[in-house]
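Note sheet for the following structure.
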Amino acid sequence: MKGVFVTATDTEVGKTVTSCALSLLLPNARVIKPIQTGCLEGERGMLVPDVEMVQSLGGRANALHCFYPPCSPHLAMELARTSLTCADLAGEVRAMADREPDAPVIVEGAGGIYVPINANETMLDLMLELGLPVLLVVGNRLGCLNQARLSLEALQLRGLRVLGMVLNRVQPANVCDPGCGSQAVGEDEERILTDNVRSLKVLGEKTGAPLLADIPYLGGDIARDRLETLFAPVAHTIASSLRPLDRKRDEQDLAFDREHLWHPYTSATNPLPVYVVKDTRKNRIRLWDGRELVDGMSSWWCAVHGYGNERLVHALQAQAARMSHVMFGGLTHRPAIDLARRILSLVPQGLTHVFFADSGSVSVEVALKMAVQYQISLGRAKRRHFLTPMGGYHGDTQGAMSVCDPINGMHTLFTGLLPRHYFMERPSCRFDAPYDPSSLDDARAKISALKDEIAAVILEPVVQGAGGMWFYHPRYLVDLHKLCREHDILLIADEIATGFGRTGRLFACEWAGITPDIMCLGKALTGGMMTGAATLATERVARGIGSASPELGGGLLMHGPTFMANPLFCATALASIEELLASPWQERVAHLQSLLEEGLAPCRGREGVADVRVLGAIGVVETQHPVDMAALQQFFVDRGVWIRPFGRLVYLMPPLVTPDADLQRLCSAVVEAVEKGLA
Ligand SMILES: *Cc1c(COP(=O)(O)O)cnc(C)c1O
C-alpha cells in the first residue's frame, strides 16, 4: 500500500478539501475514510457529504464505516452499539488498497490526532497501524501555531513521517476569529493570517515538515482547476514520496553493513545474510522492502509487550527530556529508587539489595563478584570457583563465559584464558516428567567433593535458554537450594531470560518456591526498549560483603559501571513492569502455551525431530541434526515470520501480545519447515 494519511489540527479545518484536491491531482488516487460520522439522511439512504464532494469533482472516494451522529468516532460507535479496533480498520483499508496496488490511497482521518476511536485507541494508533506518511492540515486562525506545533510533536514523537503541512482558511480573511476580542477589525485578522504563514514556515524548517501550501478561503467556490492549482505543490511532494523504493540505496547500505558491521556470532568477512528492518510495531517487524514479519523471538526474550508500546515510549521520552543520565556515584534519583522498590516488591521474598547494571552479562559479572566477595569476607578466600550445570548460558563477557556450557557454549576458544570452574550434569529430569531424585546425584557428589573451593552455584532456574532451551523439574531447584544451604554455598539464579512472566510465573524461581541468594534480571526488564539489568542480593549476602575488614575488601562491592542505574533505563523498566502487571499476562501466557502445544504438535514424531516441548510462552522443536541456519532463515522470512533457529533448535518465544492468528502462522511455518525436511 502506498499513499498518505491526511490528518488535521482539529475538526473542520479542511481535511476533506485537501483529500479531494489530492484525489484529483494524483493519478488513480482514491480517498478512503475509515470512519465517517455526521452523515445525512438522503433520498437513497445514507448520504456521505464528503464522499459526494469528491465524487462530484470527478475523484474517487469511499467511506468504510458511516454513522449519523455528528460526533467523535468512539461516541458514534458506542451509540450504534458497535466497536472497531485500529487493527480492524487498518486491515480494511489495506484490503481495499491491495485491490489496486498501483493506485495511491489518501486515507482521511476523522477530526484531529487524538480523537478517540475506542476506549483504548485514538486516530494516532490508526496512523501507526497503517504506517503511511502523514500530511497535517492546519486551520489558519488565531491559535493555530500552538495547535500545529502540538500536532507535529505528537506525530513525530511517535515516529511518523510528516511530509508537510497545509494551511487552510475556513472563513473569509477579514472575519475575526473567536478570541480576537470585540474591537478587532479585519486588518487585525489579516495580520494574524499573514504571520501564521511566516511562523509555520519557520516551524516547518525546524521540524522537517515544511509548509506546502497556504490555501485561502474558498467558500462555495470549489472549482476543480482552482483546487488543482492551489494544491499542486502538495501533490508534488506526495507524489515524490510515492516513488518506488530506492533499491540502490538499500543495496549500498547492505553492502556497507557486510563490509563494516559485526553481527552476533557470525563472520565479519563472510557473514550470514541479514535483513534490513525499517520499523517495528506490536508483534510485527517491517522490512525495508515492505514485507512484514510476525515476530517469533521477542528480539531474544525482550519485547514481551511487542514494539512501540505507548506507555513505554512515553516513559522513555519523558525521562529523556527530564534527565537522561547522571552519574550514580554520590548521586541518586527517583527513577532508580522507584524501580528498585517495585522490583523488590515482586521478586521472591528475602531479596533486599539491588545493583543496577548495564546489560545481562554485566549483571552476571556482578553476581559472581558478589559471591566471591561474600566468601572472602567470611574468611573463605579459597572459595573462588563456581559450580554450574552443563547446558547453561550466562552471557558473553569473560566471567559469564566461564560459566557457560563449556562445549556448546560457543566459547571453547577461550579455554586457556578463562578461569576454570566446575561443571555438573545438566538437570536431567524433564519439567513434564515425574521428579527423579537421582537427577541431583551429580550435583550432590560435586558439591561434597568441591565445597571448599566453591563460592556459588550459578544456574538458570527451570529453563535453560540459549544453551539448549531445556526445561527441567522445579524440584531439582528445591533440592539444589537445600544442598547449597547445607554447605553455605550461595545460589545464583540467572533469571535474565525467564523473568517477567515468560514461563507462566513472574519469575521461574517461583516454580520451586525458593529465594536464591543472588538473582540476575535483564532482557524483558525493559520490555526490550533498551539495555539494562539488575543483580539482586539477600540481606545475608549484602551484610556479609559489607562486614569485611579493610584487608578483605573493606565491605565495598568492587563494581560501578559508568551507566549504572541510567535513568532512561530505570524509567522504561518501571513502565514495562507496570504495563505487564496491568495486563492479563498470566492468562496470555497460558493461552499462548496451549496454542503453542497445539500448533507444534504435528512436529512430534516426525523424521528429523528429536523432541518437542512447550513451557509458558516458549515452544521448542529440537531437531536431530543442526539446521542450515541461512536456508531456514530465508524460508521463514519468505513465509512472513521471524524465527531464528540455532544449532538443533527451532524455537518460538513470541511477544505476549501476539494475536492467535499470528501465533498460528508461526507454528505453521515451523511445521512446514519440518515437513519439508528443512529442520
Ligand atoms: C541473554 C542472557 C544473558 C546475557 O545478557 P546480555 O544482556 O546479552 O548481556 C545472561 N543470562 C541469560 C540466562 C541470558 O539469557
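The values are calculated or read from the model by the stated rules, or taken from the named source; none is laboratory data. Remember, it's a predicted structure, so these values are computed and weren't measured experimentally. Cβ coordinates were reconstructed from backbone atoms using ideal geometry, including for glycine residues, and neighbour counts include every protein chain displayed.
The residue that is nearest to I577 (Cα to Cα), counting only those in the stretch 342-364 that are surrounded by 23 or more Cβ atoms within 10 Å (Cβ to Cβ) and not polar (S, T, N, Q), is V347.
Of all residues in the stretch 464-495, those that are part of a strand (DSSP E or B), surrounded by fewer than 24 Cβ atoms within 10 Å (Cβ to Cβ) and of a type in the set (A, V, I, L, M) total 0.
Restricting attention to the stretch 238-276, the residues that are over 30 Å from L413 (Cβ atoms), in a helix (DSSP H, G or I) and among the charged types (D, E, K, R) add up to 6. Take the conditions within 15 Å of the ligand (Cβ to nearest atom), more than 18 Å from the chain's Cα centre (by Cα) and of a type in the set (A, V, I, L, M) and apply them to I545. Does it pass? No.
Each residue in the stretch 617-635 was checked for being closer than 19 Å to P602 by Cβ, out of contact with any Gly (no Cβ under 7 Å at 6 or more places or on another chain) and surrounded by fewer than 24 Cβ atoms within 10 Å (Cβ to Cβ), and 5 of them qualify.
Close contacts from the stretch 228-242, counting a first residue that is free of Cβ contacts under 8 Å to residues at least 40 places away in the same chain and a second that is crowded, with 16+ Cβ neighbours inside 10 Å and not in a helix (DSSP H, G or I), with Cβ to Cβ under 7 Å and a gap of 6+ residues or different chains, come to P233/L212; P233/A213.
The numbered conditions (1) within 24 Å of T503 (Cα to Cα); (2) surrounded by fewer than 17 Cβ atoms within 10 Å (Cβ to Cβ) are all true for V294 except (2). Tell me, yes or no, whether the stretch 285-303 has at least one residue that is assigned to a strand (DSSP E or B), of a type in the set (K, R) and within 13 Å of the chain's Cα centre (by Cα). For the stretch 285-303, residues assigned to a strand (DSSP E or B), of a type in the set (K, R) and within 13 Å of the chain's Cα centre (by Cα): present. Annotation note: Cβ proximity below 6 Å between a residue of the stretch 596-608 that is hydrophobic (A, V, I, L, M, F, W, C) and a residue that is in a helix (DSSP H, G or I) (sequence gap 6+ or interchain) occurs for L600/C667; C603/V671; C603/V674.
Checking each residue in the stretch 380-398 for being over 18 Å from K523 (Cβ atoms) and either surrounded by 22 or more Cβ atoms within 10 Å (Cβ to Cβ) or away from the ligand (no atom under 13 Å from the Cβ) (or both) picks out R380, A381, K382, R383, R384, H385, F386, L387, T388, P389, M390, G391. Only residues that are over 20 Å from P437 (Cα atoms) and either of a type in the set (F, W, Y) or more than 16 Å from the ligand (Cβ to nearest atom) (or both): list them for the stretch 483-504, please. Matches in the stretch 483-504: D488, I489, L490, F500, G504. The set of residues in the stretch 348-360 being touching a Phe, Trp or Tyr at 6+ places or on another chain (Cβ under 8 Å) and within 16 Å of the ligand (Cβ to nearest atom) consists of F356, D358. Among the residues making up the stretch 645-679, a single one is among the polar types (S, T, N, Q) and either assigned to a loop (DSSP other than H, G, I, E, B) or not assigned by TED's automatic domain parsing to the domain that holds P273 (or both): T658. Give the residues of the stretch 508-541 that are crowded, with 24+ Cβ neighbours inside 10 Å, part of a loop (DSSP other than H, G, I, E, B) and within 16 Å of the ligand (Cβ to nearest atom), sorted by residue number. Within the stretch 508-541, A508, P516, G522, G527, G528, M529, G532 meet the criteria. Residues being surrounded by 19 or more Cβ atoms within 10 Å (Cβ to Cβ), among the β-branched types (V, I, T) and away from the ligand (no atom under 16 Å from the Cβ) are entirely absent from the stretch 318-340. Of the residues examined, V403 is not one that is surrounded by 23 or more Cβ atoms within 10 Å (Cβ to Cβ), within 27 Å of the chain's Cα centre (by Cα) and within 16 Å of the ligand (Cβ to nearest atom). When the stretch 84-115 is filtered for residues that are surrounded by fewer than 18 Cβ atoms within 10 Å (Cβ to Cβ) and within 26 Å of the chain's Cα centre (by Cα), the ones remaining, listed by number, are T85, A87, D88, G91, E92, R94, A95, Y114. Within the stretch 615-635, which residues are assigned to a helix (DSSP H, G or I) and closer than 21 Å to L663 by Cα? Answer for the stretch 615-635, where residues must be assigned to a helix (DSSP H, G or I) and closer than 21 Å to L663 by Cα: L632, Q633, Q634, F635.
For the stretch 435-462, the set of residues classified as crowded, with 24+ Cβ neighbours inside 10 Å and either among the acidic types (D, E) or within 16 Å of the ligand (Cβ to nearest atom) (or both) consists of A456, V457, I458, L459, E460, P461, V462, listed by residue number. As a summary of the residue check, C429 satisfies the conditions (1) within 16 Å of the ligand (Cβ to nearest atom); (2) at pLDDT 95 or above; (3) at negative phi except for the one numbered (1). Please tell me if V364 is closer than 30 Å to L556 by Cα and either within 12 Å of the ligand (Cβ to nearest atom) or touching a residue at least 12 places away in the same chain (Cβ under 8 Å) (or both). It is true that V364 is closer than 30 Å to L556 by Cα and either within 12 Å of the ligand (Cβ to nearest atom) or touching a residue at least 12 places away in the same chain (Cβ under 8 Å) (or both).
Residue pairs whose Cβ atoms lie under 7 Å apart, sitting 6 or more positions apart in sequence or on different chains, and linking a residue in the stretch 381-402 that is in contact (Cβ under 8 Å) with a residue 24 or more places away in the chain to a partner that is within 11 Å of the ligand (Cβ to nearest atom) and among the charged types (D, E, K, R), are G392/E460; H394/D494; T397/E365; G399/E365; A400/E365.
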